[in-house]
1. Is the C-alpha gyration tensor of region 314-458 telling us rounded, prolate or oblate? Criteria: a/c under 1.5 is rounded; beyond that, a/b larger than b/c is prolate, otherwise oblate.
2. Could you state the number of Å between the C-alpha centres of region 221-266 and region 386-428?
3. Roughly how much of MET212 is accessible, in Å² to the nearest 10, using a 1.4 Å probe?
4. Using only Cα atoms, figure out Rg for region 283-374 and give it as a multiple of 2.2 N^0.38 Å.
5. Would you count, across the chain, every pair of lysines whose alpha carbons are under 24 angstrom apart, provided the pair is eight or more residues apart or spans two chains?
6. Using a 1.4 Å probe and counting only protein heavy atoms, arrange HIS231, HIS357 so the residue with the most accessible area comes first.
7. In region 146-239, which GluC sites (Glu not before Pro) fall in coil by DSSP and have 13 or fewer other Cβ atoms within 10 Å?
8. Roughly to the nearest percent, how much of the accessible area of the chain is carbon and sulfur, given a 1.4 Å probe?
Amino acid sequence: MKLDLQACSRARLSRDPRFDGKFFIGVLGSRVYCRSICPAPTAKEKNVRYFATAAAAAEAGFRPCLRCRPEASPGTPAWLGTPTTVSRALRLIAESGLDDGGVEGLADRLGVGSRHLRRLFLRHLGAPPSAVAQTRRLHFAKKLIDETSLPMSEVALASGFGCVRRFNAAIRKVYKRTPTQIRRLSRQAGVQPENQYLFRLRYRPPYDWDGMLRFLAARATPGVEYVADGHYYRSISLNGSDGSVDVSFDAENDALLARVQFGDPRSLFLIVERLRAMFDLNADWAAIAPSLRADAALAVRVDGQPGLRVPGCWSGFELAVRAILGQQITVKGATTLAGSLVRAFGRPYSSAPRLSHVFPVPRDLAEADLTSIGLTKTRAATIRGLARAVVEGTVRFEGVIAPEDFLSRLCEIPGIGAWTAQYIAMRALGEPDALPSGDLGLLKRLGISNSTELEKRAEAWRPWRAYATMYLWTVPALEGNNPGALSKSGSERTSEAAGEPGMPLGL
Ligand SMILES: [Zn+2]
């Protein structure tokens, strides 16, 4: 990736948070690398070097700054202008590191040679895959040292170092301090209860938190999730353990605050990554907005409500079940059914107020009698079909590297049409360019009559068609509209977005 040095320089001198995490600054004298927002005195232009990624700065021999903490910057934008192979590789590294199979294994999964992958990484990110994975491990370890009171032995395991010795050695090499010395430097707010962790997850402003909450609130599954007083709560289940999260907005720090209650610290990395994806925290608004503004129908919406994100999901399976439940009924009706499904087939959960269950796993639904909760026979068969496909491994929501293949496998399940599949892909895979092209709501709002015309018009929105979709679905074109009044009509309007004749309504 080629950095625009002038833009980097401007962002650095103005400490612009919109560029945070999009590039890093290496300072020649101190050999430290910084975020664009670093509060340290600004170095002279001739004494700095710019890097596209933290890993590239590390490869060039710079250490992460202890003041601005590069590990706390928002993540790499989902779309970098890099080849798809690179962005998919980054997604796989974020999901599981290079844990299984190293660079060879990663290249295999992407269907390219490992030398080719290495070359692509060097050209576009300035560092090989192994350095990207190593930086990821180190950054997460640093975050756990700073933000939690987890014993160092567990920090080592949770961040993927395998053993404490390797962890200690890596931290000392990079920071010239022991993990314990680093923790003493951090300003931790009081003692945290056992198994509870508070993470600050940065985004690049602006972020439309109210829009995100309204969308999630309208679709919250009773017992599993709820929205109250500006917080989003939900139960979670991962690698055989259950827990819960509480996510709120920290506008002052351009961050979301995630309070995670979970027994097994080894899952923390994955939990944080999933929350980042769910709340679309890696999005790069400065890159998205200009494309959308070029279309008059979007410009008025973008300016009226800047910072809208594409809501992801905690679990692709849960989202897919919810999407099927919503076919042909209202959002409210679908929510009621989802609540019944959870009460009948979910696992009881009692460690957080107002949460009573964790969402059923595929195995729980594969043979379940779903008509007992009031589902039609057809709909019940579709959900069972989906659950079986996930149990058998024909449909996977993690590590998806070929979205087209994912879509066609979903559509092979009787009762899942193109619209439902596209909707699931948009929210479960985090593809910023996803477009449910048959969506009637989109056609209506743009005043056009068919999907070919929509696809033509949407060319100008690329690679941000998912954001355009969200704007058209949830934000009315009128200026000065009371956003509070939107929540209801907005979600119902979305529910009209039925693409296939008689297809999904209550999504
Ligand atoms: Zn710094």
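1. It comes out prolate by the Cα gyration axes.
2. 26 Å
3. Estimated to the nearest 10 Å², MET212 gives 10 Å².
4. It is 1.52.
5. 16
6. HIS231, HIS357
7. GLU194
8. Looking at the chain in its full context, I get 52 percent from C and S.
The values are calculated or read from the model by the stated rules, or taken from the named source; none is laboratory data. Quick caveat: nothing in here was measured; it's all calculated off a predicted structure. Here Cβ is always computed from backbone atoms with ideal geometry, including for glycine, and neighbour counts include all displayed protein chains. Note: accessible area is taken over every heavy atom of the protein model, side chains too, but ligands, DNA and RNA are not part of it. Shrake-Rupley method; radii C 1.70, N 1.55, O 1.52, S 1.80 Å.
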